[in-house]
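Student: Have a look at this one.
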Amino acid sequence: MISDAVRSKLRELVGAPHFLDSLEDRIAYSYDATLQEALPDAVVYPGTVEEIAAILRLANDVRFAVTPRGAGTGLSGGSIPVVGGLVMVLTRLNRIEEISADDLYAVVEPGVITADFAAAVAKHRLLYPPDPASQTVSTMGGNVAENSGGLRGLKYGVTKHYILALEAVTPQGDVLRTGATTVKCVTGYDLTQLLVGSEGTLAVVTKIWCKLVPMPEHKESMLAIFGDVDDAARTVAAIIRSGVIPATLEFLDHVTINAVEDFKKIGLPREAEAILLIETDGQRSAAEAEAEKVMAVCRENRAQTIQKAANEDERTQLWQARRGALSSLARIRPTTILEDATVPRSRVPDMVRGVREIAQRHRLIIGNFGHAGDGNLHPTVLTDVRDKEEYARAEKAIDEIFELALSLGGTLSGEHGIGSAKARYLRREIGPVGLDVMRRIKRAFDPNDILNPGKMELEEQG
Amino acid sequence: MSNSSFILHPSSLEEIFRCMKCGNCREVCPVFLETGREGMVARGRVQLLKAMLENRLDLSDGLRDRIYACLNCNACHVTCPCGIEVDELIHASRVAMLRAGKPLPDGHKLLRERILGEQNPFGQKQSERGAWLPEKYRKPRPSPVVLHAGCAISYANNRVGKMVLAILESAGADFMMMGDEEQCCGDPILRMGDVAGAEAQRRRTVEAYRKWGVETIVTGCAGCLKMFKRYYTGQLEKLSDMSDPSDSSEPSDSLDASDLSVSYRTHDFRVLHTLEWFAQLIAEGRLTPKQTLAKRIAYLDGCDIGRHSGVYDAPRQVLRAIPAVQLIEFPAHHESSRCCGGPLMASDPAMAASIASKRVREALDAGAEMIAVACPTCFINLKEGANRLGVRMDIQDVTALLHRSLR
């Protein structure tokens, strides 16, 4: 428990209005978007890098845990204060400091909301591509910590591909600068890429230099409906083989299609086994030509219907199915567990079939949808955590889904992160040497284990 | 304070349970966007209620204050992937808190006394309610249509009320008014969680309207509209179910115990906003706007008339009928419209003005010269917002714009 003396010090550091330790506030910062919860002792909202450095120095001296937090919408437990201590909310650092259209970069503070940032650069006809589904509420700092993905991942990559440089405060309270704003840089170890995806366990990011790309001139959106999942899966591979990398290549399975139709009634055929939502973008002639190719591939692979949007309104219509996927599924049962196991694209059909078999065997409702183009699907288990018997089956099913992904040469997490939710599988995927190296890096940065402890199995086991 | 005395309807418990903590509500909650505090957004409030139900938190003042700080705008519900009925849950929680013996926050007590007493929130006399009305409307008479003025128009803004009368009369519309006998619809009472008081208001009003043969209720007050459409028609049945007939705010007069089979709880009044009636009259050619108004006007979908009552088209139809009006949309409009912050005017005027200033900023950025509203609360609070922003922005009631163009 953080002592009264330390509480006074923290209050003094950030100002009383930015220090919270009522039980109500502690509860409000004890959760993220997973089922896990843990109470912090207190919560602070620092306003400057200096305050953050002072807080970490204090934590390191006194030895209390600090868990950084953005919006707290993560899907792997990364922002949950599992050992208590202090939650440090970064949302007051919310300025977009600079947008350079000439040098194609921008500088943002970690509390900036991703969609707000994307909208700001769009005014300059620039694109910040990573678009996680939570982008209207999640923060750039959170995205960096979790290396967030999104629907554009296949063509444009993920957060890590867009981080040029970082400013971060170490657990000792020192301010570290990594990377450079130039297009290329090979000066020393690539500490920028080490910090991206480190889930707030190595340093607290306080400034982010992001790469931008020109906004594509034109976009084509298509929806293809299939009577057979294998046809859809083959289409995904065939599109890539035809030389087209679409900006978006999303998949919805039979369970998801029916959930969407139950809830939104948009006229999707209920017998459909799969839907692909595809977008091409770029110069107008290129986007159009690629779209033609995509549609031809869909037809060759027995797509039953293909619709192409003729304008913005029609585009919105086509997108309804994908946009409504999670909310439609979430209405089926009270507890929604959104998973993230990712496989190589060529193994998507096996993954889809495998998840369906797991669902049948465990008598569960599992909707599968997501980024088929990069193999990152989101098997979503619908259950009720109060039904102990069913929930036990759900947990088993999730374990099997992880095993399935790994056995297909995949990974536990395409974009949500490991945190505490998947920590127990980490060794299985990265092996004992990998885990040992990670632990040594963690110790080098944070010898007193004060920064976001209890995540990713970074503590030494006996 | 014992948690076991806090009793929610089972369907409300289920709503709490369904929250998947995605945090989408953080995008749209006006109070959260001002404070940045998780305890001041739907997710935080739902999780705090859950903590209390699981005995991890007492029925504390901190919990109560956060539940009462909600604007009831329900923008969170629209963006919630699970479709949680947050507004209903907040209402139910306030009811349950009062029933568990938790005192009302300061400021609400006085409001409650005023409304249950003199039938208005302003501390004025019931006998003065109809003073602004021409003689023919000061007493009820049999009529299928009643025009319900509401407290705001009766006591705070009868200027717009008089325009409503002038417009309806010019179209030859027939209606009666309760005049001095009109009662408060009870919305502020329900909103603070006093469901017994709200039930009493509802019962008296419904019985009075039935007595005079009313089939259609028309009102220019968005809050009353919401109350009549939602609560009076029994849509918030679970709140009514939480009412305890032995509560002291039930009227001891009027109905006997057998009537507590609550025939007043189901009825089929048609409920319209005055703008819906105006739109109809315009379509029928009984009202013809003539004078031009060459302005770029942004219409703000107030929460009570819009999200809560589903009336989005009529105000726009009326505005479009005025020659030369250029109608602009706010960036978030219709079901996604953002609250002006008005419900906090009494308890937190600085916050209310700050939220309103965001709406004014949005209107300015959209190129609007004027903001048109259909709600007395939006009308007042947006002016505060413009002041706070230090800008000139014309705020007008749609009725006033129509009235002007009919002359």
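Since every read-out is calculated from the coordinates, none of them should be taken as a lab result. Everything numeric in this text was worked out from a predicted model, so none of it was measured. Neighbour counts are summed over all protein chains in view; Cβ atoms, including those assigned to glycine, are modelled from backbone coordinates with ideal geometry.
Student: Projected onto the charge dipole of the stretch B:289-406 (+1 at Lys/Arg Cβ, -1 at Asp/Glu Cβ, origin at the Cα centre), which of B:Gly367, B:Ser336, B:Thr292 gives the Cα projection farthest towards the positive end?
Tutor: Farthest towards the positive end: B:Thr292.
Student: Given axes a ≥ b ≥ c from the Cα gyration tensor, I'd like to know whether chain B is rounded (a/c under 1.5), prolate (a/b larger than b/c) or oblate. Could you put the intermediate results ahead of the total?
Tutor: Numbers: a/c = 1.93, a/b = 1.19, b/c = 1.62.
Oblate shape, in that a/c is at least 1.5 and b/c is the bigger or equal ratio.
Student: So what is the 222 nm mean residue ellipticity for chain A from helices alone, if each DSSP H run of at least 4 adds -39500 (n - 2.57) and you divide by all residues, rounding to the nearest 500 deg cm²/dmol? Show your work: numbers first, answer last.
Tutor: Values: 15 runs with 169 residues, N = 462.
After summing the helix terms and dividing by the residues of chain A, the value is -11000 deg cm²/dmol.
Student: Taking R0 as 35 Å, what FRET efficiency do you get between A:Lys388 and A:Thr48 from their Cβ-Cβ distance, rounded to the nearest 0.05? Intermediate results must be reported in sequence, preceding the final value.
Tutor: Details: r = 47 Å, r/R0 = 1.35.
Using R0 = 35 Å, I get an efficiency of 0.15.
Student: Between A:Gln36 and B:Glu14, how many nm apart are label points set 7 Å from Cα along the C-beta direction?
Tutor: 3.1
Student: Could you tell me which of A:Asn376, A:Leu329, A:Ile450 has its Cα farthest along the dipole of chain A towards the positive end, charges placed at Cβ (Lys, Arg +1; Asp, Glu -1), taken about the Cα centre?
Tutor: A:Asn376
Student: What fraction, in whole percent, of alpha-carbon pairs in the stretch B:135-224 exceed 22 Å separation? Please list the in-between numbers first.
Tutor: Working: 1036 of 4005 pairs.
That fraction is 26 percent.
Student: Another question about this same structure. Where does each of B:209-217, A:127-135, A:342-350 land if you order them by average Cβ count within 10 Å, highest first? Could you put the intermediate results ahead of the total?
Tutor: Details: B:209-217: 16.7, A:127-135: 22.9, A:342-350: 20.4.
With the highest mean Cβ count within 10 Å placed first, the list reads A:127-135, A:342-350, B:209-217.
Student: Okay, moving on. What percent do you get for the relative contact order of the stretch A:46-121 when only Cα pairs under 8 Å and 6+ apart count? Please report the intermediate quantities before stating the final value.
Tutor: Numbers: 88 pairs, mean separation 19.1, N = 76.
Relative contact order, the stretch A:46-121: 25 percent.
Student: Cα centroids of the stretch B:51-85 and the stretch A:19-74: how far apart, whole angstrom?
Tutor: When both Cα centres are located, 22 Å separates them.
Student: Using the count of nearby Cβ atoms within 10 Å as a rough guide to exposure, how do B:Phe17, B:Phe228, B:Phe330 rank from fewest to most? Please list the in-between numbers first.
Tutor: Details: B:Phe17 17, B:Phe228 28, B:Phe330 20.
By the 10 Å Cβ count, ascending: B:Phe17, B:Phe330, B:Phe228.
Student: Would you work out the charge dipole size for the stretch A:409-457 about its Cα centre, treating the Cβ of every Lys and Arg as +1 and the Cβ of every Asp and Glu as -1, and quote it to the nearest 20 debye? Intermediate results must be reported in sequence, preceding the final value.
Tutor: Details: 9 positive and 6 negative charges, 27 e Å.
Computed charge dipole of the stretch A:409-457: roughly 120 debye.
Student: Give me the one-decimal Kirkwood hydrodynamic radius in Å for chain A, with the sum taken over alpha-carbon pairs.
Tutor: On the way: mean 1/r = 0.0433 Å⁻¹.
When all Cα pairs of chain A are included, the Kirkwood radius is 23.1 Å.
Student: Right, next: Classify the protein assembly as shown: rounded, prolate or oblate, from the alpha-carbon gyration tensor (a ≥ b ≥ c, eigenvalue square roots; a/c under 1.5 rounded; otherwise prolate if a/b is larger than b/c)? Write down the numbers at each step before the final one.
Tutor: Details: a/c = 1.80, a/b = 1.53, b/c = 1.18.
Prolate shape, in that a/c is at least 1.5 and a/b is the bigger ratio.
Student: With +1 on each Lys and Arg Cβ and -1 on each Asp and Glu Cβ, and nothing else charged, work out how big the dipole of the stretch A:358-462 is about its Cα centre, in Debye to the nearest 20. Each step should come with its number before you reach the end.
Tutor: Numbers: 15 positive and 17 negative charges, 24 e Å.
Computed about the Cα centre, the dipole is about 120 debye.
Student: Counting DSSP beta bridges in the protein assembly as shown, what percent are antiparallel, to the nearest 5?
Tutor: Values: 60 of 88 bridges.
Once the DSSP bridges in the protein assembly as shown are tallied, antiparallel ones form about 70 percent.
Student: Between the stretch B:319-387 and the stretch B:199-220, what is the separation of their alpha carbon centroids in Å?
Tutor: Their Cα centres are 31 Å away from one another.
Student: Return the subset of A:Lys160/A:Lys264; A:Lys264/A:Lys396; B:Lys136/B:Lys383; A:Lys123/A:Lys207; A:Lys442/B:Lys21; A:Lys184/A:Lys207 for which the Cα-Cα distance in this structure is over 25 Å, preserving the input order.
Tutor: On the way: A:Lys160/A:Lys264 35 Å; A:Lys264/A:Lys396 31 Å; B:Lys136/B:Lys383 34 Å; A:Lys123/A:Lys207 22 Å; A:Lys442/B:Lys21 30 Å; A:Lys184/A:Lys207 19 Å.
Over 25 Å apart, Cα to Cα: A:Lys160/A:Lys264; A:Lys264/A:Lys396; B:Lys136/B:Lys383; A:Lys442/B:Lys21.
Student: Using a simple charge model, +1 on the beta-carbon of Lys and Arg, -1 on the beta-carbon of Asp and Glu, nothing else, what dipole does the stretch A:96-210 show about its Cα centre, in debye to the nearest 20? Before the final figure, lay out each step's value.
Tutor: Numbers: 8 positive and 12 negative charges, 74 e Å.
Charge dipole, the stretch A:96-210, about its Cα centre: 360 debye, nearest 20.
Student: Would you work out the relative contact order for the stretch A:218-407, in percent, from Cα pairs under 8 angstrom that are 6 or more residues apart?
Tutor: About 27 percent, as a whole number.
Student: Grab the other residues whose beta carbon is less than 10 angstrom from that of A:Asn147, score K and R as +1, D and E as -1, and report the net. Working shown, then result.
Tutor: Values: positive: A:Lys160; negative: A:Glu146, A:Glu199, A:Glu415.
My count for the surroundings of A:Asn147 gives -2.
Student: Decide, for the stretch B:3-99, between rounded, prolate and oblate: order the square roots of the alpha carbon gyration tensor eigenvalues as a ≥ b ≥ c, take rounded if a/c falls under 1.5, and otherwise choose prolate if a/b is larger than b/c, else oblate. Let's see the in-between values first.
Tutor: Values: a/c = 1.70, a/b = 1.37, b/c = 1.24.
It is prolate, given that a/c is not under 1.5 and a/b is the larger ratio.
Student: Would you grab the residues whose amide H sits under 5 Å from the one on A:Ser413? Only those 5+ places off in sequence or on another chain, please, with H modelled 1.01 Å from N.
Tutor: Answer set, sorted by chain and number: A:Thr342.
Student: While we're on this one: Ignore the peptide's own chain and count Cβ atoms of other chains within 10 Å of each Cβ in B:40-48; give me the average, rounded.
Tutor: Details: counts 1, 2, 0, 6, 7, 1, 0, 5, 5.
That works out to 3 on average.
Student: Okay, helix-only estimate at 222 nm for chain B: each DSSP H run of n ≥ 4 adds -39500 (n - 2.57), divide by all residues, round to 500 deg cm²/dmol; what do you get? The partial results should precede the final answer.
Tutor: On the way: 17 runs with 169 residues, N = 407.
It lands at -12000 deg cm²/dmol.
Student: More than 24 angstrom separation, counting every C-alpha pair in the stretch B:108-273; what % is that? Spell out each step's value before the answer.
Tutor: Working: 4238 of 13695 pairs.
Here the tail beyond 24 Å accounts for 31 percent of pairs.
Student: What is the Cα coordinate range of the stretch A:96-214 on the first, second and third principal axes, sorted by size from largest, in whole angstrom?
Tutor: Extents along the principal axes: 39, 29, 27 Å.
Student: Above 17 angstrom, tally the Cα pairs of the stretch A:193-313 and express them as a % of all pairs, no decimals. It would help to have the intermediate numbers written out before the result.
Tutor: Numbers: 4554 of 7260 pairs.
When all Cα pairs of the stretch A:193-313 are counted, 63 percent exceed 17 Å.
Student: Can you give the mean number of other chain Cβ atoms that lie within 10 Å of the Cβ atoms in peptide A:19-26?
Tutor: Working: counts 0, 3, 0, 5, 8, 15, 7, 3.
Mean partner-chain Cβ count within 10 Å for A:19-26: 5.
Student: Okay, next question. Taking 8 Å as the Cα distance limit and 6 or more residues as the minimum spacing, I'd like the relative contact order of chain B as a percentage. Let's see the in-between values first.
Tutor: On the way: 714 pairs, mean separation 59.8, N = 407.
Relative contact order comes out at 15 percent.
Student: Would you mind giving the mean number of other chain beta-carbons within 10 Å of the Cβ of each residue in B:21-33, as a whole number? Present the calculation step by step, with values, prior to reporting the outcome.
Tutor: Numbers: counts 9, 12, 11, 8, 1, 9, 8, 2, 0, 0, 0, 1, 0.
Per-residue shielding by partner chains comes out at 5.
Student: Hey, what does the equivalent ellipsoid look like for the stretch A:218-407, semi-axes from the Cα gyration tensor as sqrt of 5 times each eigenvalue, largest first, whole Å? List each step's numbers first, then the result.
Tutor: Values: eigenvalues 176, 65, 33 Å².
Over the Cα atoms of the stretch A:218-407, the semi-axes work out to 30, 18, 13 Å.
Student: Mind grabbing the base-10 log of I(q)/I(0) for the stretch A:146-259 at q = 0.10, 0.19, 0.22 Å⁻¹? Debye formula, identical points on the C-alpha positions, no solvent, two decimal places.
Tutor: -0.48, -1.01, -1.20
Student: Starting from the 7 Å offset along Cα-to-Cβ, what nm value, one decimal, do you get for the label separation of A:Ala122 and A:Ala444?
Tutor: Computed distance between label sites A:Ala122 and A:Ala444 equals 4.1 nm.
Student: Roughly speaking, what is the centre-to-centre gap between the stretch A:196-232 and the stretch A:245-259 when only Cα atoms are used, to the nearest Å?
Tutor: 15
Student: Here's another thing I want to ask about it. Subtract the Cα-Cα distance of A:Gln304 and A:Arg241 from 0.36 nm times their separation in residues, and report this length gain in nm to one decimal. If you can, show how the numbers build up before the last one.
Tutor: Working: separation 63, 0.36 × 63 = 22.68 nm, distance 2.11 nm.
Contour length minus Cα-Cα distance gives 20.6 nm.
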